[in-house]
């Protein structure tokens, strides 16, 4: 993932994810930075349960020996959605697993899945590090 983490709000945040085993979609997207990037550990998703469920989130890199890396959330402006909380990770996107399942990060796990990135309307569904 290529991300511009500069302090100037005049520069864009660029998200570039290559197609890979974690997520099939390749993405190149540009956003306007509104707030700083923060390390995110958990995310509440509503895909499988309308009340929402908490999941661990990690970035996924191209490092074959240790692909997990930091995941971040950042307030950005998306030309199509207005203000949004962008959740992104490594060159191979982000990966999720339920918080109630204790297992290592793995592409082979049927409990885990990957995405290129996520866009959330609110940060109430994010749990940050520290």
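From the square roots a ≥ b ≥ c of the eigenvalues of the alpha-carbon gyration tensor of the stretch 12-128, which class results: rounded (a/c under 1.5), prolate (a/b over b/c), or oblate?
Values: a/c = 1.80, a/b = 1.21, b/c = 1.48.
In terms of gyration-tensor shape, oblate.
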Exercise. Find the centroid of the Cα atoms in the stretch 16-53 and in the stretch 60-130, then give the distance between the two in whole Å.
Key: 5 Å
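Hey, what did the chain get for relative contact order, percent, Cα under 8 Å, at least 6 apart? Numbers along the way, then the final one.
Working: 318 pairs, mean separation 34.3, N = 130.
Here the relative contact order equals 26 percent.
If the chain between residue 64 and residue 11 were fully stretched, how many nm would it gain, using 0.36 nm times the residue separation less the Cα-Cα distance? Don't jump to the answer; show the numbers that get you there.
Numbers: separation 53, 0.36 × 53 = 19.08 nm, distance 3.13 nm.
Stretched fully, the residue 64-residue 11 segment lengthens by 16.0 nm.
Coordinate-derived values only; no laboratory data. In this text, all values refer to a predicted model and were calculated from it rather than measured experimentally.
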